[in-house]
Amino acid sequence: MPALLPFLATGRFFVANSQHPMRFEPFTSLLYAGGVLWILGCSGLALGQEATPWSFSPMVRPDIPQAHDSDTWSEHPVDQFIQEALAGQGLSHSPEAPPHQLLRRLFLDVWGLPPDTDLLKELDHDNFETTWTQWVDRALAGPQYGERWARHWMDLIHYAETHGHDEDAPRENAWPYRDYLIQSLNADKPYATFALEQIAGDAMEPHDPEALIATGFLAAGPWDESSQMGIQDGTLDKELAQYLDRDDMITTVMSSFLGVSVHCARCHDHKFDPIPFEDYYALQAVFAGVDRHDRPFDKDPKLHRLRQDLLTQKEALLAERTTESALLSSINQERTQSWISERQDHLSRWKAGRPLAPPSSEIPLTPWEVLEDGSLFIQPTDSLNGKLTWSLLSPYPKPTAVELEVMADSRLPQGGPGWSDEGDFQLTEFKVYGKGKDSDDWIPILLEAPENDFSKEGTSVRYLIDDDPETHWSIFPQKGQNHRCFFRIASLPDDRDLHMLRVELNHPEEHSQWVGRCRIRWSNVPSDRIEPFLEANLQEAFAYSQETRTLEQKLLLTRHALGRHLDQTLEALPTPPQVYAATSYFSSEGNFKPSLGPRTVRQLRRGSIQQPGKEAQPAALSALSHIPWNPEGADLAEEDSRRLALGKWITHPSNGLFWRTMANRLWQHHFGSPLIPTPNDLGNGGQAPTHPELLDWLACELRDSGGSLKHVHRLILHSRTYRQASTWRKQAAAQDAENTYYWRMSPRRMDAESFRDSLLQLSGQLDARMGGPSVKQFLMDPGIHVTPIVDYKGFDPTHAAMHRRSIYRFLFRTLPDPFMKALDCPDASTWHPERNRSVGSLQALAMLHDPWVIAQSQAMADQLQKVSKHLERQIELLYESSLCRMPNPTEKRLMIEYADRHGLANATRYLWNSNAFVFMP
């Protein structure tokens, strides 16, 4: 006897290892309780054990029900399943909707836009099936299809173009992923490929720029910037932030593609589904090396291949995965020797200019001394305010860089290099001037790109060129040591040759902490080739000869030379576009640093970061044991190989969850309600499917058609179920008020984007350009470590940016457009498998009084008045374009009276606010 689990919340039983759930008639409370205990006892199920949901099992294509002889409604498979369910409830289908309603329904559904009413002129009443096929083909072939259905996917993955959380900083490079969605859907990319690219496209097709862009999917959700960048690595708080970031990725992947609530197993075994605590952390291990950051890509495939190969080599080098044999190859040894020779030449070209006269200051300094190495020793008097300047002959006509070295000296307190009791100093400004041989004017020389070997906490060498006397550079507590800072010369005055230079060191007037000994050196090496600092162990290896270096030193120098070669090669490439996507390699920003490989993930007891358990290993859901995990034996030590293994497991032909989930979503967006009422939970915690056999048949069609979404669209759109009228019937509604059995087409309110885009198209204002950076339909003052200030109200409603389709709007996560929010556009802080459907006064007020709506209604009125000077004809055209039909006599009379009294623009807004327009028929 199969093990049975009573699903108490819904009054349904789930049969372990059975294909579908079964309904049962309600018991009395006592009989029901007794039945539960009997079933538990007979089945051997103990309380707390979770039965495997039917949706976890492999799919078996159901037989199509045979139509009864008395029912010739339709031979379409979808209709056969629906008809069988209707007959079982004593219900009947509705007649077909009239052509004008079907045309409007089709294009609002597939495009999110009203149709071209000229299509009605092509209508062949004697052969409507042919006309309908042409309409469906046109709708699915149009690029507007991808724009419409990409928005559904973006709801699902909580896509937005800001980070969310307290700072909610913009992501200027998120939009290429949005364009990827649109292009992939329009191309009818096989669904398995579509999914696999988004999980691990960069691993699957490392040389395909589109596959890299696809990983924007993993980065679509919120990102805690303040925690990731502000908290140091190695702390519990930082680890917690990383666990939570991966939790968002896991939830997005598993709920979007499989419709399961894996995140519910974060603290303990899943309460309803057979998903143990260990499975959740196995998925954490899959994403252990993934971060969110801008990634470069190139539209030119050859250039993209070159750049990605270089970046892969760079990442491997930094992660010390480059093999010894590769480092010791002849080409890398040649590069190393070339770099050593170049550096020796560069070092020889640093020259210290000697002062032409004693340094001057606002307070006399005596004595002073120029030492043999070109450094300057300064003995200040008791009063230490003022600036120190001196002049020198320029070592080069066109110097490219300058170095300031503060130097230790036994004559200074604590060995210096400063005169303070701690041997420190406070230097506020470092300035350089130059003049030609025949000039008397000193001209400032712009310095940039400062680097140095050490700064006291809270100080920076950047402050030496910020023109702020309140900031400074210091080196405490590293007293008694030499320290250097380096500046590139941005440009020379009038690009002239320099004969003389003047140096100025400023100290704060209210302090007396002077530099005691310093040296200024100059170079003429091209600034992009200068390498001012080497790490100590690298500098030590460099000092040895080739013959006396150890193998470790040779490898160290080769790694550095190879990294420098890779950096210079990358810098020489054209500046690439960027996409905000999943990555494990990027330039560090504050405390946000790349992992360069999977981080260690431990099972957290009770979900607490303070109770780490054993290390987790990457794997998938153990309950779906019929799907092999990593059958190819890929090396899962690499971050991207883990994602690729998971992607292949998810998209496996035998993974019923994968195909059922998407088939359910396609049905949901065509009919307004899914076959499984909880589209993100196909497990025991969700609701049972209303038509399980139909769902499995559609899922098999999706899988067996090569993953063609458009194939399933066509199956649904060509069904008579889809073409039913939406007319309400009292008797049917009394029995099935929610239209669970699809005895009619349920009317649906347009979503926010469809309403907005429809107005743009009808008014002739729609900018139909596809793709590109998102348009900001607001005014913004960027915040610094705070949420930006965004003003929607002050933005010009007639601005060209307002004419793009809604999918191209820049989407703020915490600061949504109030107009779109009123129309139930979802909050991108969380996932939205279904949108809220509300009808309220705020919506009516927004659709009547929003300045943008007023602008569109005026544009529509202007357009109608250009076509005809007669108000009656204008009203007819308004109805025809907006509703795909002519007004009836009563409607025409009332609208003419209203337009005559209040104007055509107001009449337009009146119609656009009516149920006839706002609801899809």
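The values are calculated or read from the model by the stated rules, or taken from the named source; none is laboratory data. Just so it is clear, the structure is predicted and the values come from calculations on it, not from any experiment. So basically every Cβ, Gly included, is an ideal-geometry build from the backbone, and we count neighbours across all protein chains shown.
See the values below:
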read-out	value
Residue among PRO508, PRO532 that alone is under 44 Å from the mean Cα position of the chain (by Cα), under 28 Å from ARG411 (Cβ atoms) and not small (Gly, Ala, Ser)	PRO532
Residue list for segment 390-411, filter: under 13 Å from VAL515 (Cβ atoms) and either touching a Cys at 6+ places or on another chain (Cβ under 7 Å) or at pLDDT below 90 (or both)	TRP390, LEU404, GLU405, VAL406, MET407
Of all residues making up segment 388-404, the number that are surrounded by fewer than 20 Cβ atoms within 10 Å (Cβ to Cβ) and within 51 Å of the chain's Cα centre (by Cα)	5
Segment 395-451 - residue that is of a type in the set (Val, Ile, Thr) and not in a loop (DSSP other than H, G, I, E, B) and, of those, nearest to ARG521 (Cα to Cα)	VAL402
Subset of segment 322-331 that is surrounded by fewer than 17 Cβ atoms within 10 Å (Cβ to Cβ) and touching a residue at least 12 places away in the same chain (Cβ under 8 Å) - its residue that is farthest from the chain's Cα centre (by Cα)	LEU328
Residues located in segment 452-481, provided they are outside any loop (DSSP other than H, G, I, E, B) and either in contact with a Lys or Arg (Cβ under 6 Å, 6 or more places away or on another chain) or basic (Lys, Arg) (or both)	ARG462
Within segment 537-590, considering residues that are in a helix (DSSP H, G or I) and among the charged types (D, E, K, R), the one farthest from the chain's Cα centre (by Cα)	GLU540
Selection within segment 165-198 - at positive phi and at pLDDT 95 or above	ASP188
Any chance ARG178 is surrounded by 22 or more Cβ atoms within 10 Å (Cβ to Cβ) and either part of a helix (DSSP H, G or I) or of a type in the set (A, V, I, L, M, F, W, C) (or both)	yes
Conditions (1) in contact with a Pro (Cβ under 7 Å, 6 or more places away or on another chain); (2) surrounded by fewer than 16 Cβ atoms within 10 Å (Cβ to Cβ); number of the one not met by SER868	(1)
Check on PRO532, within 30 Å of LEU181 (Cβ to Cβ), touching a strand residue (DSSP E or B) at 6+ places or on another chain (Cβ under 6 Å) and assigned to a loop (DSSP other than H, G, I, E, B)	no
Output for segment 882-921, where each listed residue is closer than 21 Å to SER726 by Cβ, polar (S, T, N, Q) and buried (at least 20 other Cβ atoms within 10 Å of the Cβ)	SER882
Residue that is touching a Pro at 6+ places or on another chain (Cβ under 6 Å) and in a loop (DSSP other than H, G, I, E, B), where the choices are ASP269, ASP233	ASP269
Among the residues listed as PRO674, PRO692, the single one being more than 29 Å from TYR281 (Cα to Cα), out of contact with any Asp or Glu (no Cβ under 7 Å at 6 or more places or on another chain) and surrounded by 23 or more Cβ atoms within 10 Å (Cβ to Cβ)	PRO674
Which numbered condition SER774 misses (of (1) over 22 Å from GLN843 (Cα atoms); (2) over 20 Å from the mean Cα position of the chain (by Cα))	(2)
Candidate set: segment 622-650, residues that are of a type outside the set (Val, Ile, Thr) and touching a Ser or Thr at 6+ places or on another chain (Cβ under 7 Å); chosen: the one surrounded by the most Cβ atoms within 10 Å (Cβ to Cβ)	GLU639
Sole exception among (1) within 17 Å of LEU185 (Cα to Cα); (2) surrounded by 23 or more Cβ atoms within 10 Å (Cβ to Cβ); (3) among the β-branched types (Val, Ile, Thr) for THR162, by number	(1)
Residue selected from segment 710-726 under the condition among the basic types (Lys, Arg) and under 37 Å from the mean Cα position of the chain (by Cα), by the criterion farthest from THR130 (Cα to Cα)	LYS710
Selected residue (only one of PHE430, PHE425, PHE487 is surrounded by 18 or more Cβ atoms within 10 Å (Cβ to Cβ), in contact with a Pro (Cβ under 6 Å, 6 or more places away or on another chain) and either touching a residue at least 40 places away in the same chain (Cβ under 8 Å) or among the aromatic types (Phe, Trp, Tyr) (or both))	PHE487
Selected residue [closer than 25 Å to PRO747 by Cβ and out of contact with any Phe, Trp or Tyr (no Cβ under 9 Å at 6 or more places or on another chain)] from ASP862, ASP824, ASP850	ASP824
TRP111 vs. criteria over 21 Å from VAL918 (Cα atoms) and crowded, with 17+ Cβ neighbours inside 10 Å	no
Scope segment 490-507; condition at pLDDT 85 or above and in a strand (DSSP E or B); matching residues	ALA490, MET500, LEU501, ARG502, VAL503, GLU504, LEU505, ASN506
Residue satisfying all of: in segment 598-621; assigned to a strand (DSSP E or B) and touching a residue at least 12 places away in the same chain (Cβ under 8 Å); nearest to GLU632 (Cα to Cα) among these	GLU615
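Per-residue answers, yes or no, for (1) at pLDDT 95 or above; (2) more than 21 Å from GLU84 (Cβ to Cβ); (3) in a loop (DSSP other than H, G, I, E, B); (4) not assigned by TED's automatic domain parsing to the domain that holds LYS271:
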position: THR678; (1), (2), (3), (4): yes, yes, yes, yes
position: GLY685; (1), (2), (3), (4): no, yes, yes, yes
position: ALA688; (1), (2), (3), (4): no, no, yes, yes
position: LEU694; (1), (2), (3), (4): yes, no, no, yes
position: HIS711; (1), (2), (3), (4): yes, yes, no, yes
position: LEU715; (1), (2), (3), (4): yes, no, no, yes
position: TYR722; (1), (2), (3), (4): yes, no, yes, yes
position: THR740; (1), (2), (3), (4): yes, no, yes, yes
